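Reviewing the structure listed below.
The values are calculated or read from the model by the stated rules, or taken from the named source; none is laboratory data. Every value quoted in this text rests on a predicted model; they were computed, and no experiment measured them. Using ideal geometry, Cβ is built from the backbone for each residue, glycine included, and neighbour counts are taken over all protein chains shown.
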Amino acid sequence: MVEDRKLAVLRAIVEDYVATEEPVGSRALVERHGLGVSPATVRNDMAALEEEGFITQPHTSAGRVPTDKGYRLFVDRLTTVKPMSLAEKRAIATLLDGAVDLDDVVQKSVRLLSQLTRQVAVMQYPTLSGSTVRHIELVPLTPTRLLAVLILSTGRVEQRLVDLDSDVGEDDLATLRSRVSRAAIGQRISDATTALQGLARLPPGSTTADPSTTDQPTTDQSTVDQSTVDQSTVRAVVAALLEAMSDHRSDERVLVGGTANLARFGDSFDSAVRPLLEAIEEHVVLLKLLGEAGSGGAITVRIGHEGPYQALSATSVVATGYGPSREAPATLGIVGPTRMDYPGTMAAVKAVARYVSRILDEA
């Protein structure tokens, strides 16, 4: 009973301090939260919580404020994540369902998440390494130039121009398109790379159906093309696709939104604003701040000193992984002061990640 009451007192202190940014006193707790005990009993509970390190008194004759340890206990004991309102759910669905491509999805998601939480939103672009090949298209531009289009399961689209040594006709182009598609579509990036490398080594007129046997051309009649595509053309197309698949420049690319929200946090967060602005300029730092992506909708909350950077010890991060199906090839989340609405923020992060994952799954 005593422990339950102390937890109720801690919860009330966290909620009041998040709402008012003012140290919380015992009489205010009794009046606002209907704890069912006297202010003297609440003061005793607050003294015990302070002794255990869950709350602290910023100065003499002031009320109490939560510590990192107090916020951690509050988050760990949340029985439910604050549900999104119907209006918020409708806003998420309306905005994200209208996205036209991956860049649009990321930009709208970051803007939406920063608006919902009134924090700084951070979103990592999906990484190539966790993707599978969804579609390959070869578009003729001139008789000796093609546009190779690679579409990945994460919604990413990579395009490469391919200059050829000789003309390629419609029949040969159809054959080549079929061969690279059979080798790569449905494969993870690493397996697709191996299969395409083997395809480039094959003699004219052959393909391979098994990426694990790409060093030896297959004689299965079901995988032999009757037309012969110039092998230099095959190598040129494969080289372009391999370059697209190995382009890791955007694996550490992140988009940030809502930095203007930093202006509303007041004096208590001033010491963290500058290092956070510096971190926003360094994508590698932001990715480390977000941490490893979790799958299955798991939410990660890192509070104050639990984070990787001492300069950001006044900062909390709420993040989760997102991606097609149950994969989590990338991370999104928010960064803000430890004095934040954790239940509401966790709900918003989870909801946006779920919608983005669904969009990528259907892309």
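The figures follow:
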read-out	value
Pairs, first at negative phi in segment 152-165, second at pLDDT 90 or above and in a loop (DSSP other than H, G, I, E, B), C-beta under 7 Å, six or more apart	D163/T144; L164/T144
Residue match in segment 175-186 (condition: hydrophobic (A, V, I, L, M, F, W, C) and modelled with pLDDT under 90)	no
Identity of the residue in segment 126-166, hydroxyl-bearing (S, T, Y) and modelled with pLDDT of 85 or more, that ends up farthest from V318 (Cα to Cα)	S166
Residues located in segment 46-57, provided they are in a helix (DSSP H, G or I) and surrounded by fewer than 23 Cβ atoms within 10 Å (Cβ to Cβ)	A47, A48, E50, E51
Pairs with Cβ under 6 Å, 6+ apart, first in segment 36-47 and free of Cβ contacts under 8 Å to residues at least 24 places away in the same chain, second surrounded by 16 or more Cβ atoms within 10 Å (Cβ to Cβ)	P39/S26; P39/V30; R43/S26
Any hit, segment 170-181, residues being under 30 Å from the mean Cα position of the chain (by Cα) and of a type outside the set (V, I, T)	yes
Considering residues of segment 135-155 that are in contact with a Ser or Thr (Cβ under 7 Å, 6 or more places away or on another chain) and closer than 14 Å to L102 by Cα only, the residue surrounded by the most Cβ atoms within 10 Å (Cβ to Cβ)	L152
Flag for L332 being closer than 20 Å to V105 by Cα, modelled with pLDDT of 85 or more and not polar (S, T, N, Q)	yes
Options A91, A19, A8, A12; residue that is assigned by TED's automatic domain parsing to the domain that holds M340, within 34 Å of the chain's Cα centre (by Cα), outside any loop (DSSP other than H, G, I, E, B) and at negative phi	A91
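Residue-by-condition table, conditions (1) out of contact with any Gly (no Cβ under 9 Å at 6 or more places or on another chain); (2) closer than 22 Å to T315 by Cβ; (3) at pLDDT 95 or above:
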residue	(1), (2), (3)
E22	no, yes, no
H33	yes, no, no
V65	yes, yes, no
V75	yes, yes, no
